[in-house]
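Undergrad: Pasting a structure here, questions to come.
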């Protein structure tokens, strides 16, 4: 689904994306990278810590902030710009400048307990770093990490 969604259609689309079994993701941040880019390629954020996982946009999706939905890829290290399809294992609940900006957790297998803890630790830190960035940019709205939802393994 590219482009804009007709008014009312976004609400229906978001409901349909609530719990997908798999997602197709374009990798925008490689594991170990420091720079997060916007969908147009411009720099959004430079982290003082490397990303502990690959990160990208869900193809054919639209999040509440108007950008494609975000997804983490755990358990493998896909190349920058590659497209991958993986099962969904959970969701990071995140609010960015007052807008829900949740991130899907995907990968070839369910994250280990240690990987879940790394995800939680990273997003606690990320929320603090984003709040500092927004203070410098004089942006408004709360930014917070609200926890991780773990999904049951796909059946079949």
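Every number in this text was worked out from the coordinates using simple rules, so none of it is lab data. All of these numbers come straight from a predicted model, not from anything done at the bench. Cβ coordinates were reconstructed from backbone atoms using ideal geometry, including for glycine residues, and neighbour counts include every protein chain displayed.
Undergrad: Beta carbons within 10 angstrom, averaged per residue: use that to sort the peptides 134-145, 82-93, highest first.
TA: Per-residue Cβ counts within 10 Å, averaged per peptide and sorted highest first, yield 82-93, 134-145.
Undergrad: Another question, if that's okay. Applying a 10 Å radius around every beta-carbon, put 52-65, 109-122 in order of their mean neighbour count, most first.
TA: Going by the mean number of other Cβ atoms within 10 Å, highest first, we get 52-65, 109-122.
Undergrad: Testing the spin-label approximation: label points 7 Å from Cα along Cα→Cβ at residue 85 and residue 35. State their distance in nm.
TA: 3.1 nm
Undergrad: While we're here: Kindly provide the helix-only [θ] at 222 nm of the chain, computed as the sum of -39,500 (n - 2.57) over DSSP H runs of four or more divided by all residues, to the nearest 500 deg cm²/dmol?
TA: Working: 2 runs with 33 residues, N = 156.
Theoretical 222 nm ellipticity from helices: -7000 deg cm²/dmol.
Undergrad: Report the calculated FRET efficiency for residue 137 and residue 109 (r = Cβ-Cβ distance, R0 = 30 Å), to the nearest 0.05. Before the final figure, lay out the partial values.
TA: Details: r = 38 Å, r/R0 = 1.27.
Step by step, r from the Cβ atoms, then E = 0.20.
Undergrad: So what is the relative contact order for the chain, in percent, with contacts set as C-alpha pairs under 8 Å and at least six apart?
TA: Rounded, it is 21 percent for the chain.
Undergrad: Among (i) 18.1, 57; (ii) 16.8, 60; (iii) 15.0, 49, which is the computed Rg and Dmax of the Cα atoms in Å?
TA: Identified label for the calculated read-out: (iii).
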